[in-house]
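Below is one structure, written out as structure tokens; the observations come after it.
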Amino acid sequence: MFGKVLNFKFSSVSEAKIAASFCSDNFGSKTSEYDIVGLNITISQSGDLNILFKFNNSDSLKKFEENYKNIISDLKQSFTFKENNFIGVCAYSFEKEAVVTVT
């Protein structure tokens, strides 16, 4: 599994919250188009916004990378923030599935 991690540093938590809403709508609507199999968005207390994408194959990741700048162009025009990102191979991933127990 391949991953892309974005880290956006905003000047306030309020800006990060607005950006998180934009990112969840914008990236969430593109899961089928770019074959995104996992999307996690996290906001820190200091105004950092972290986004983790998971892809099953490198072709899906490459397709996303080719269009990444266009996808976030509205965000860049609306806010001033510092951006760091990297691409990697997922070494370990765990998520507990929700289970409903009827008694």
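Summary table
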| quantity | calculated |
| --- | --- |
| Among residues of segment 83-103, those that are under 14 Å from VAL5 (Cα atoms) and charged (D, E, K, R), counted | 1 |
| Residues of segment 56-87 classified as surrounded by 10 or more Cβ atoms within 10 Å (Cβ to Cβ) and outside any loop (DSSP other than H, G, I, E, B), total | 22 |
| Given (1) more than 18 Å from the chain's Cα centre (by Cα); (2) not in a loop (DSSP other than H, G, I, E, B), index of the condition GLU97 fails | (2) |
| Residue match in segment 27-50 (condition: closer than 16 Å to GLU65 by Cβ, part of a helix (DSSP H, G or I) and under 10 Å from the mean Cα position of the chain (by Cα)) | yes |
| Subset of segment 17-57 that is of a type in the set (Ser, Thr, Tyr) and in contact with a strand residue (DSSP E or B) (Cβ under 6 Å, 6 or more places away or on another chain) - its residue that is nearest to PHE81 (Cα to Cα) | THR42 |
| Subset of segment 6-16 that is in a helix (DSSP H, G or I) and out of contact with any strand residue (DSSP E or B) (no Cβ under 6 Å at 6 or more places or on another chain) - its residue that is surrounded by the fewest Cβ atoms within 10 Å (Cβ to Cβ) | SER14 |
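FYI, it's all coordinate maths here, none of it is from the lab. Just so we're clear, the structure is a prediction, and the values are computed from it rather than from any experiment. Positions of Cβ are generated from backbone atoms using ideal geometry, with glycine treated the same way; all protein chains shown enter the neighbour counts.
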